[in-house]
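Enquirer: Below is a structure I'd like to ask you about.
What follows is calculated from the coordinates using simple rules that are stated; it is not laboratory data. These numbers were taken from a predicted model, which means no experiment stands behind them. Positions of Cβ are backbone-derived with ideal geometry, glycine not excepted, and every protein chain shown enters the neighbour counts.
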Amino acid sequence: MNTDTVRPAVTELRLSAFKTHRGVTLPLTRLTLLSGESGSGKSSALQAYEILARLGSGESLARAVGEVAGSPAACVPAGARPDEQGRRGFRIGCTVDGPAGPVSLDLAVQAEPELRIVGERLTGGGETLLTTALTDPNRPSVQAAWHTAGATPVTRAPLPDDRLGTSLLPLRVAGKTEGQRLVLAAAEQVVVALRSAFVCDPRPEVMRGVGTGGTGGAGQDGGCGADGAGGAGRGAGARRSGRGAGSGGGPGKPGGVGAAAGAAGAWGARKRKGSGGGEAGSWGRDTEGARGEGRLRSSCDNLPAVLERTSQECARRHAVLVAAVREACAGPVEGLRAVPRQAGGTGHGVADAAGVAGPAGSSGPQAGAAGAVGVRAVLDRGALGELPVEQLGDGELRFLALALVLLTGPEVLAMDPVGEVPSAHQQMTVMADGMDRCMDPRQARELVSLALRMTDRGHVRLLGTVRDPSVAEGLPGVQVLHLGV
């Protein structure tokens, strides 16, 4: 399978045995929507992708599965019977296209009685580049063999059974032979594609509650340019390999590479110090790193703070966002902006939170103008005055949040950008479960149309689920896969 881009991207998702899926292969294009009846496996397909993405980002297997599915047993196909040792598991995989050509990754995971990766296979260029197998159940490791094509055709060594072996190869392979260089290129291609995923699930009830206050962020450094520093994450070596992903809680180390990150042409970024709590910074959980940098979290509960930042950084894209919101909202919309929230304000159901645009890198009630304790997002409705966005309907709120995500890039989202890879060689994949949730058909179609325009630019991909596939009818370039048929 070939794509029309050299940017690494997942072009196929395999659900060999995962939840309701058995032997399912899903081809993925720049804009793929999954539809089907309730229980057809739309959400579980996205969960399988997210598990792979988290493993590619260096997370442990327990954390990747626990954060996504809740428990390992929940991933086991219904009706799967344990073997004589009481073992049950699941199998998932993907194909990544890019400069190294199509590269396939397949995983066999034992879910019971103990969670571990019992088999991994990486293939590309007509070669088996990496295989792992559980040889001693009493040891927390698997025996790995990777392609060398030198004096020794295959190198063997143990790897931990709770990490993706592919993400560890850059630390183990020297790259001296042609075979080793092929292994490195394939492994990096897979890791870059998997790490470039952002799971977005705007939650209106949370967006109206705590967490909507902003932070000062850092001093603005220009318009729509590329970022000059690593974000909330680890150093370059750890980014490539996933090393150190088990850490948590303490402040993350600053990114070791100041290369451009995120989708080319995305919102401009500021030079910031990397911070955040270990691997949590990669996935937009409630970390100081995400708050301190004005980076949008998965639930979009800090949207006003991020809107304040992005409206200042790129007026052109902010105008596109306003135009899209105008089409989706009832009533006039002449503008969209973040304004200081004063202590003892009107409330409207939004908790006063710390941080307004104050000194570079500052946060807290003292950071902004006197008396301001946060920011709130408002719509300018012309003669009708300003309307706080928390008073919008659920569908309008979700549309606003998803549109903002589609118009931004990794340096605006709470994800760990692949800083050591040029932005021109990256594609961000937005994963949106229930993309049309709470929306009427007009709003959903407008959102899909916006997504189509952004994915056509080649820097962002979208994998979403919809209840009503008709919202994509007549839109060329949108692939709709019907599950459960």
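Enquirer: Could you run the Karplus curve 6.51 cos²θ - 1.76 cosθ + 1.60 with θ = phi - 60° over the stretch 154-166 and give me ³J(HN,Hα) per residue in whole Hz, x for Gly and Pro?
Expert: 9, 9, 10, 6, x, 10, x, 8, 10, 10, 6, x, 4
Enquirer: May I ask you to compute the full-extension gain from LEU171 to SER71, defined as 0.36 nm times their residue separation minus their alpha-carbon distance, rounded to one decimal in nm?
Expert: Working: separation 100, 0.36 × 100 = 36.00 nm, distance 3.01 nm.
Going from the current span to full extension adds 33.0 nm.
Enquirer: By counting other Cβ atoms within 10 Å of each Cβ, how are LYS176, LYS42 ranked from fewest to most? Let's see the in-between values first.
Expert: Values: LYS176 10, LYS42 25.
The fewest-first ordering by Cβ neighbours comes to LYS176, LYS42.
Enquirer: What length, rounded to one decimal in nm, is gained on full extension from ARG453 through to VAL6, with 0.36 nm per residue of separation minus their alpha-carbon distance? If you can, show how the numbers build up before the last one.
Expert: Numbers: separation 447, 0.36 × 447 = 160.92 nm, distance 1.97 nm.
Full extension of this stretch gives 159.0 nm more.
Enquirer: Evaluate the Kirkwood expression for the hydrodynamic radius of the stretch 121-187, namely the inverse of the mean inverse distance over all pairs of different C-alpha atoms, and round to one decimal in Å.
Expert: Numbers: mean 1/r = 0.0834 Å⁻¹.
One decimal place: 12.0 Å for the Kirkwood radius.
Enquirer: Next up: Quick one: order MET431, MET415, MET439 by neighbouring beta-carbon count within 10 Å, fewest to most. Don't skip to the end; give the middle numbers.
Expert: Values: MET431 21, MET415 31, MET439 25.
Ranked by crowding around the Cβ, least crowded first: MET431, MET439, MET415.
Enquirer: Which translational diffusion coefficient, to the nearest whole µm²/s, is obtained for the stretch 1-58 from the Stokes-Einstein equation, given a Kirkwood hydrodynamic radius over C-alpha pairs, 25 °C and 0.890 mPa s? Walk me through the numbers on the way to the answer.
Expert: Values: Rh = 12.6 Å.
Translational D for this selection: 194 µm²/s.
Enquirer: For the stretch 1-111, just the Cα set please: Rg and Dmax, both in angstrom.
Expert: According to the Cα coordinates of the stretch 1-111, Rg and Dmax are 14.5, 48 Å.
Enquirer: Taking the mean number of other Cβ atoms within 10 Å as a proxy for protection, how do you rank 112-121, 300-309 from highest to lowest? Don't skip to the end; give the middle numbers.
Expert: Values: 112-121: 18.2, 300-309: 27.5.
With the highest mean Cβ count within 10 Å placed first, the list reads 300-309, 112-121.
Enquirer: Apply the Karplus curve 6.51 cos²θ - 1.76 cosθ + 1.60, θ = phi - 60°, to the phi angles in the stretch 60-73 and return the couplings in whole Hz, x for Gly and Pro.
Expert: Result, rounded to whole Hz: 5, 4, 4, 6, 4, 6, x, 5, 9, 9, x, 7, x, 4.
Enquirer: Karplus couplings for the stretch 437-451 from phi (6.51 cos²θ - 1.76 cosθ + 1.60, θ = phi - 60°), rounded to Hz, Gly and Pro as x?
Expert: So the J values, rounded to whole Hz, are 4, 6, 9, 7, x, 5, 5, 4, 5, 5, 5, 5, 5, 5, 4.
Enquirer: Still on this structure, I have one more. How much length is gained on full extension from ALA315 to GLU37, taking 0.36 nm per residue of separation minus their Cα-Cα distance? Mind dumping the intermediate values first?
Expert: Details: separation 278, 0.36 × 278 = 100.08 nm, distance 4.07 nm.
Net length gain for the segment: 96.0 nm.
Enquirer: I've got another one for you. I'd like the FRET efficiency for ALA383 and LEU134, computed as 1/(1 + (r/R0)^6) with the beta carbon distance as r and R0 of 60 Å, rounded to 0.05. Could the numbers behind the result be given before it?
Expert: On the way: r = 69 Å, r/R0 = 1.15.
That pair, ALA383 with LEU134, gives E of 0.30.
Enquirer: Shifting gears a bit: What relative contact order, as a whole-number percentage, does the stretch 5-52 give when Cα pairs under 8 Å and 6 or more residues apart are counted?
Expert: On the way: 40 pairs, mean separation 15.2, N = 48.
Result for the stretch 5-52 is 32 percent.
Enquirer: Next question. Starting from the eigenvalues of the Cα gyration tensor, five times each then square-rooted, give me the equivalent ellipsoid semi-axes of the stretch 9-196, largest first, whole Å.
Expert: Values: eigenvalues 145, 89, 32 Å².
After scaling each eigenvalue by five and taking roots: 27, 21, 13 Å.
Enquirer: Still on this structure, please answer the following. Determine, from the Cβ-Cβ distance of ARG467 and ALA151 and an R0 of 56 Å, the FRET efficiency 1/(1 + (r/R0)^6), rounded to the nearest 0.05. Mind showing how you got there, number by number?
Expert: Working: r = 58 Å, r/R0 = 1.04.
Calculated value: 0.45.
Enquirer: Set the Förster radius R0 to 51 Å, insert the Cβ-Cβ distance between ARG87 and ARG442 as r into 1/(1 + (r/R0)^6), and round the FRET efficiency to 0.05.
Expert: Working: r = 50 Å, r/R0 = 0.99.
That pair, ARG87 with ARG442, gives E of 0.50.
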